[in-house]
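Chemist: The structure under discussion is supplied below as structure tokens; questions concerning it will follow.
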Amino acid sequence: MKIFTIILAIIAVGLIAYNSTVLDFSNLFGKDSSVALISIVGCICALLLLLILHTSKKIDQRIKGNK
């Protein structure tokens with residue numbers, strides 16, 4: 001599970017980097033830039049969910065370790 005989340009995080013960071021190169025700062029709400037913005041926001045949400053999953057797994061291990 002840990003390796004899977006790391007791979008997903010690397011993919012999300014890579015997609016953020018790629019989509020940031022697609023952005024046209026002179027026209028952020030144009031066709032290509034809006035798709036890139038939506039993709040960047042989606043990848044950030046995915047990273048946040050992965051961080052929440054990682055934190056919950058750490059808490060679960062600590063609780064099981066104390067019993």
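The values are calculated or read from the model by the stated rules, or taken from the named source; none is laboratory data. Because the structure is a prediction, the values reported are computed rather than measured. Methodologically, a virtual Cβ is constructed for each residue, glycine included, from the backbone with ideal geometry; neighbour enumeration extends over all protein chains shown.
Chemist: When you scan segment 1-31, how many residues do you find that are of a type outside the set (F, W, Y), in a helix (DSSP H, G or I) and loosely packed, with under 12 Cβ neighbours inside 10 Å?
Modeler: Residues meeting the conditions: 8.
Chemist: When you scan segment 11-22, do you find a residue that is over 14 Å from the mean Cα position of the chain (by Cα) and either of a type in the set (D, E, K, R) or modelled with pLDDT of 95 or more (or both), even just one?
Modeler: Taking every residue of segment 11-22 in turn, none turns out to be over 14 Å from the mean Cα position of the chain (by Cα) and either of a type in the set (D, E, K, R) or modelled with pLDDT of 95 or more (or both).
Chemist: Something else: Only residues that are over 13 Å from the mean Cα position of the chain (by Cα), of a type in the set (A, V, I, L, M) and surrounded by 11 or more Cβ atoms within 10 Å (Cβ to Cβ): list them for segment 32-67, please.
Modeler: V35, A36, L37
Chemist: Going through segment 32-66 one residue at a time, which ones are polar (S, T, N, Q) and either in contact (Cβ under 8 Å) with a residue 12 or more places away in the chain or under 21 Å from I7 (Cβ atoms) (or both)?
Modeler: Passing the criteria: S39, T55, S56, Q61.
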